[in-house]
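The values are calculated or read from the model by the stated rules, or taken from the named source; none is laboratory data. On a predicted model such as this, the values are computed, not experimentally measured, just so you know. Note that each Cβ is placed from the backbone with ideal geometry, even for glycine, and that neighbours are counted across all protein chains shown.
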Amino acid sequence: MNAAQPAPPPVEIILHQQSHLLEVAFADGRRFKLPCEFLRVYSPSAEVRGHGPGQEVLQTGKKEVTIARVEPVGNYAVRLVFSDGHSSGIYSWDLLYDYGLHQDTMWREYLERLRTADASREPVARRK
């Protein structure tokens, strides 16, 4: 999506607790299943993204994170409250749509950043 063409509005948002997925269906018929871990490591919060280019903070140990709550923010977004206490990101409809379209590429990039940093998706207590 580009800035001139906003995402269609969502028509359904379902939190799948057992499979740890947030499913978002949009008015154009597209439906995305976004893993909780993916949404957590790509949180739009300043805590994760930093305050400018190059200030991003690599999120590690988030493999088992879940979404505890989905809270509406006006008519344009949701706030996701994660099981690790993170709740400062606002996920706009445009952002969720973009994440759905680019999820595979973004996930590969995240795994590569972890590998380069010799970091892990596993929670600290599980690392050997």
Report summary line: Only one of PRO53, PRO6 is part of a loop (DSSP other than H, G, I, E, B) and either more than 30 Å from VAL124 (Cα to Cα) or touching a residue at least 40 places away in the same chain (Cβ under 8 Å) (or both), namely PRO6
Report task. Return the pairs, sorted by first residue and then second, in which the second residue is surrounded by 19 or more Cβ atoms within 10 Å (Cβ to Cβ) and outside any strand (DSSP E or B), the first residue lies in the range 87-102 and is at negative phi, the beta carbons are less than 7 Å apart, and the residues are 6+ apart or on different chains. Result -> GLY89/SER43; TRP93/ALA7; ASP94/ALA7; TYR97/ALA7; TYR99/TYR42
Report summary line: Filtering the range 89-128 down to residues that are surrounded by 14 or more Cβ atoms within 10 Å (Cβ to Cβ) and modelled with pLDDT under 95 yields GLY89, PRO123
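Yes/no per residue for (1) in a helix (DSSP H, G or I); (2) touching a Gly at 6+ places or on another chain (Cβ under 9 Å):
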| residue | (1), (2) |
| --- | --- |
| LEU22 | no, no |
| GLY61 | no, no |
| VAL65 | no, no |
| SER88 | no, no |
| GLY100 | yes, no |
| GLN103 | yes, no |
| ALA119 | no, yes |
Query raised in the report: Restricting attention to the range 69-80, does a residue exist that is hydroxyl-bearing (Ser, Thr, Tyr), under 17 Å from ALA7 (Cβ atoms) and without any contact (Cβ under 8 Å) to a residue 60 or more places away in the chain?
Result: yes
Report summary line: Filtering the range 21-50 down to residues that are in contact with a strand residue (DSSP E or B) (Cβ under 6 Å, 6 or more places away or on another chain), in contact (Cβ under 8 Å) with a residue 40 or more places away in the chain and over 13 Å from ASP98 (Cα atoms) yields LEU22, CYS36, ARG40
Query raised in the report: Of all residues in the range 25-50, how many are among the hydrophobic types (A, V, I, L, M, F, W, C), more than 15 Å from ILE90 (Cα to Cα) and not in a loop (DSSP other than H, G, I, E, B)?
Result: 4
